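Heads up: the structure comes next, in structure tokens.
The values are calculated or read from the model by the stated rules, or taken from the named source; none is laboratory data. None of these values were measured; they are calculated from a predicted model. All Cβ positions, glycine included, derive from the backbone under ideal geometry; neighbour counts span all protein chains shown. Surface areas here come from the heavy atoms of the whole protein model, side chains and all, with no ligands, DNA or RNA. Shrake-Rupley method; radii C 1.70, N 1.55, O 1.52, S 1.80 Å.
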Amino acid sequence: MTPAETITEVLRAVAEMAKPGVNILEIERRAETTMQILGAVSANKGYFPKWATSPFPSVICLGVNDVIAHAIPKEYELMDGDLLHVDCGLIVDGMCGDAGMTLPIGNISNKDERLLRFAKASLYEGIRMIRPGVKVTAIGEAIEDHARRNGYVVNKRFLGHGIGRAMHEEPTIPHFFIPPEQVKIGKHKYEQKERTGIPTLEIGQVICLEPMLTYRDQSGYMSNDGWTFKTRDGRKSAFFEHMIRVTPDGHEVLTSHITNTDSVKGVIL
């Protein structure tokens, strides 16, 4: 199985367990067992970027509600109305896979259903832009424009990325609009100039997009565990992440999101 196929199966296993009353640590164990059965190892566990004070301790990122990213699974029983954030990185035969989603737990509010729907839709607005030669900034502009028009803010701390033998490769892809440079051409006159050095997509590249939507928090804050980022106002956040290959005529979505319920119409595509 490819990394994308393998990670889809891990997400499926997680979604099957994600119900009220289930402990998050039990879900982590299920994810680890599924990886082992499929011949994969976690790319999350032991990950130690320069900004972190310690390696990531778990095989998968799992957190609820106000979590934005990098949640360390903790002792917690899922409750009706929760939103479960799932982010999984793994390695199969030396190649990396990375995908994630936000799952509704039990009966969620109309407000939360709307957040999930537009988090997924914003991802697909970015995917729609993917083709050879497109600048990565065009992807971010499409994502942020869709989110903003529907009342949400895109987190600006976490970015999309290339993926292959390493989890994070070039190009780095913003999920938000980057304005042109303002160049002074006179005493009180400026001119907009397109930024230089912006990467363009190439045939065969595999990239990950993972826009994280909140109501007004563009950055979030790191909790005391040194990894988990949460919203500053305590309101909920949602994200979906796909692996996508750039093809000669556009793109191919390599991963799938498997829902644990069919009650949230329009969320799982």
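A few notes on this one:
- Condition check for ILE143: open to solvent by less than 10 Å² (accessible area, probe 1.4 Å) and either charged (D, E, K, R) or part of a helix (DSSP H, G or I) (or both): yes
- Complete set of residues in region 115-125 that are surrounded by 24 or more Cβ atoms within 10 Å (Cβ to Cβ) and touching an Asp or Glu at 6+ places or on another chain (Cβ under 9 Å): SER122, LEU123
- When region 226-259 is filtered for residues that are assigned to a strand (DSSP E or B) and among the aromatic types (Phe, Trp, Tyr), the ones remaining, listed by number, are PHE229, PHE239.
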